[in-house]
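Shown next, in structure tokens, is the structure this report addresses.
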Amino acid sequence: MDRPKDRFIHQSAFLFYFFMTAGVLIVAAGSLLQHYFALRHPVFIPMHIELEMYWDGGMDEDTMGSMDGNADVDAGSAAGEDRYVWKEFPIYYIQDSEDTSKVAEITFPQLEGIGEYWMTPYDGAGGLFQSYSGSVQDGRYQFKQLFVKMMLPARSLGARGITLDTIKVRYGDGAEEVVSIGQIILTLDKPMEYVTVTGGSSSSDGTSMTRYLVQRDCRLEGFEIQNPEQVRGEFKVTVDGTDIWEWEPAAMTEGDTFLVESTWRGTGDIREQFEPYTALIQWKCSDGSGGESWFTTNLDRQNNRNTDRFKQTYRYLKERGIKP
């Protein structure tokens, strides 16, 4: 017959081994979860952005040359010397908090032998990726960005610009990979002489408004869009309340104002929350004597992630077929 003391010893031993086993299982389960959600290498985010490159040293009638991308000789330079244009823009990627690899260099295969560019890492919060509170796994995926400053000969852009869709990434350990980055479309900045911006605003619901002032009599001839069908699907754009696709050229008088308003049509696709999208509407004006001028309206898609960042990021990676 067991004595109370013996029963107590047996129960204590059972509880000890039970909790020890449970602890081991919990640690093992946690380790498996950490492994399951881990990213083995940085994941670069595709984007569609259209950018106007600025003329180095400024843009004016005497130094800019022809806007067709062929006559780009600086009046103060030797004949045949290229004028350069420049732009700075970000490239985004997601990296696991336990991944120690470093992005040492990125290059653009499509620009080999053309111009030059520099890369600056930036690990601070803000911009496209803002920090939001969420689950305990919130810090698992780190959002990072690299700033690229690029200078190219103006003639290399041609009349329709250059589209960059891949980068070559070299890591600190010497490993390399070629990565798709969507579309980065680089075009030439065009002179804005007949029309100027007097104000604008944007809101978190994806609505943006820009008001323009006509500085001299001209005719607003029309507009150019790189990807009209995509813009038509992504945005509703109006000019003084008239849908841009129904709008017709109009004569403008000095002192007139008009409002261009755009609204992003969000579909709820998880990619919309992570992949930047900007488009340019380039408007053409003429003065009736052969002169012409341009101005640009920027369209931006909202990238709001005000919910659990870990869950949203995991959904996004799964949508892209990336198994963390």
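Summary of values
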| item | result |
| --- | --- |
| Selection within the stretch 214-228 - surrounded by fewer than 16 Cβ atoms within 10 Å (Cβ to Cβ) and either under 10 Å from CYS285 (Cβ atoms) or at pLDDT 90 or above (or both) | ARG216, ASP217, GLU221, GLY222, GLU224, PRO228 |
| Residue in the stretch 269-285 that is under 30 Å from ALA159 (Cβ atoms), in a loop (DSSP other than H, G, I, E, B) and touching a Lys or Arg at 6+ places or on another chain (Cβ under 6 Å) present | no |
| Residue in the stretch 156-171 that is surrounded by the most Cβ atoms within 10 Å (Cβ to Cβ), counting only those that are at pLDDT below 90 and not small (Gly, Ala, Ser) | LEU157 |
| Filter result for the condition that a residue is at pLDDT 85 or above and in contact with a helix residue (DSSP H, G or I) (Cβ under 6 Å, 6 or more places away or on another chain), over ILE114, ILE94 | ILE114 |
| Pair list, Cβ < 9 Å and 6+ apart or interchain, from the stretch 180-191 residues that are within 13 Å of ASN227 (Cα to Cα) to residues that are among the aromatic types (Phe, Trp, Tyr) and not in a strand (DSSP E or B) | ILE184/PHE108 |
| Filter result (part of a strand (DSSP E or B) and either crowded, with 17+ Cβ neighbours inside 10 Å or of a type in the set (Asp, Glu) (or both)) within the stretch 286-297 | GLU292, SER293, TRP294, PHE295, THR296, THR297 |
| Lone qualifier among GLY268, GLY200, GLY233 - being small (Gly, Ala, Ser) and either within 30 Å of LYS168 (Cα to Cα) or surrounded by 13 or more Cβ atoms within 10 Å (Cβ to Cβ) (or both) | GLY200 |
| Strands (runs of 3 or more DSSP E) fully within the stretch 166-221 counting 2 or more residues that are over 29 Å from ARG155 (Cα atoms) and not acidic (Asp, Glu) | 195-202, 207-214 |
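A quick yes/no check of all residues on (1) β-branched (Val, Ile, Thr); (2) at pLDDT 90 or above; (3) more than 19 Å from PHE143 (Cα to Cα):
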position: VAL237; (1), (2), (3): yes, yes, yes
position: ILE244; (1), (2), (3): yes, yes, yes
position: THR253; (1), (2), (3): yes, yes, yes
position: ASP256; (1), (2), (3): no, yes, yes
position: ASP269; (1), (2), (3): no, no, yes
position: ASN306; (1), (2), (3): no, no, no
position: GLN312; (1), (2), (3): no, no, no
position: GLY321; (1), (2), (3): no, no, no
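The values are calculated or read from the model by the stated rules, or taken from the named source; none is laboratory data. As the structure is a computational prediction, the values presented were derived from the model and not from experiment. When we count neighbours, we look across all protein chains shown, and the Cβ atoms used for this are built from the backbone with ideal geometry, even at glycine.
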